[in-house]
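See structure below.
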Amino acid sequence: MTRVTRRHAALLALAAIAYAAAAWAVAPGFYDGIAPPAPYRWVSPPPQFRSSNKPPLSGRATVKVNGGRVDPGSVFTQDGQAAISFSAGAFVAPAGGSPVTIEIQPQATFPDPGETHIATNVYCITSTSPIGPGKEALVTLQYSAGLPAPGEVYAYQDGGAWQKIGNTGSAAPFYIAARTSTVGCFAGGYPKNAGQAQGARLGGQSLPIIVALAILVVVLAGIPLAVLRRRGGADGDEG
Amino acid sequence: MTSGGLAIVPSVKSVLVLAPVGVRAIGLAAMAVILEWARVLALRTPDRQAVTLIAGGLALCLLGVGRRPAELGLETSRMPERLIGGLALAGVLLLPAAVRWGGGPTLAPEFALAAVAVSVGEEIAFRGAMFAALEQAYGPAVAVLGSTAAWTLAHALSHPPEFLPAVAAAGLLLGAWRWAVRDLVGPIVGHVLADLAL
């Protein structure tokens, strides 16, 4: 470890400012992709995903009550495509202190979304006890890497109309999240007339993969070429 | 295997051991990127993801084998300052997310362990071994910029294109710390905390 000079400190500060500016452009900023999503599992896959599609999975968990408050926690579907997270006391504690069971089910049928394009599966969340008055839970939905990203989370309750509930900004690429004050059915989507713009922003991962493979080939080919060139030069010098 | 096939062995040995320091540095960068891509591609099957992540992190750590701790920036002197530096780096890395935080799912314990393995592995590979090799071959500017470029390339398969500038900027910040302070403990601490938080 060396003594940091003013020049060092100034460059570090510049790097920090550059990072803040770059990270501010995307939410959440720096993210290391610890668990990049597996191929999205569709209830009704778009044509290009039909041959390789696997059905989505449901999720279920029981949450204990401690001291008259329902514990905090998260419930995920088994494939990680949908989750609900909540803080302590978010759900109303049942009489007698019995635990709260929460289920997440992918849905094949749902009300007509009208002018909204649904870009994910629709997941219905049910619980044996409601979310308390003034309390909220966070619903997080994965979306496919191969299609335009949803801009908002939409929800409906009991077969009613779809309502936009917002987008809190997700903790990870390919996930969208929103806060809700009730359980119900949720999906990621965007207005149908905004589809083209969304598609231009995120049209899948094929381009970076192609570029990355091209760079890999150049690097891998460049090493032996560099060795051969140096050897050739050395031989020439000796000769 | 024919004698013609065996003839390649000395060439491979030359690349790995006897090649000039610049070639070795580039080879190290290529190996680190390939290890990262292999991990990401392996993760596309849903089975044993945490084990895959941990194995990927450990494989990256192997790129630092054979170098003295001082070369990697892993000396133990002035450890409190290094740890505080790591906290400061974590603060900078997490600040843009923290001010906009809307909550998120909790990281399961096995993925938390995996996050630590991957973070440590990436730091030892990119800001440790690769930085040292590039600095030895081409000087500190190339070490900072080269390790940042390789780190960004390594994330090209796991991140959508619009995230890559933030990844590159994070690499530049951690690389600048490695150069300015001659320390890798800070980047390891900062990176681990950032990955656990996000």
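Can B:L95 be described as at the interface with chain A (Cβ under 10 Å from one of its Cβ atoms) and free of Cβ contacts under 8 Å to residues at least 12 places away in the same chain? Here the answer is yes, as B:L95 does meet what is asked.
Within region B:153-167, none of the residues are surrounded by fewer than 17 Cβ atoms within 10 Å (Cβ to Cβ), part of a loop (DSSP other than H, G, I, E, B) and at pLDDT below 95.
Just to be sure before I move on: is A:I125 at pLDDT 95 or above and surrounded by 15 or more Cβ atoms within 10 Å (Cβ to Cβ) in the structure I sent? Yes, satisfied.
Does B:A143 satisfy the criteria of being more than 7 Å from every other protein chain (Cβ to nearest Cβ), open to solvent by 10 Å² or more (accessible area, probe 1.4 Å), at pLDDT 90 or above and over 19 Å from B:L53 (Cα atoms)? Against the criterion (more than 7 Å from every other protein chain (Cβ to nearest Cβ), open to solvent by 10 Å² or more (accessible area, probe 1.4 Å), at pLDDT 90 or above and over 19 Å from B:L53 (Cα atoms)), B:A143 does not qualify.
Considering the conditions (1) exposed (fewer than 13 other Cβ atoms within 10 Å of the Cβ); (2) modelled with pLDDT of 80 or more; (3) more than 30 Å from A:T128 (Cα to Cα), A:Q48 is excluded by exactly one of them, (2).
Applying the selection to region A:153-164, what residues are surrounded by 19 or more Cβ atoms within 10 Å (Cβ to Cβ) and either within 18 Å of the chain's Cα centre (by Cα) or at pLDDT below 90 (or both)? Across region A:153-164, the qualifying residues are A:V153, A:Y154, A:A155. Given the options A:A88, A:A22, A:A93, name the one that is surrounded by 15 or more Cβ atoms within 10 Å (Cβ to Cβ), free of Cβ contacts under 8 Å to residues at least 24 places away in the same chain and among the small types (G, A, S). The match here is A:A22.
The values are calculated or read from the model by the stated rules, or taken from the named source; none is laboratory data. Quick caveat: nothing in here was measured; it's all calculated off a predicted structure. Neighbour counts are summed over all protein chains in view; Cβ atoms, including those assigned to glycine, are modelled from backbone coordinates with ideal geometry. With ligands, DNA and RNA removed, areas are computed over all heavy atoms of the protein, side chains included. Shrake-Rupley method; radii C 1.70, N 1.55, O 1.52, S 1.80 Å.
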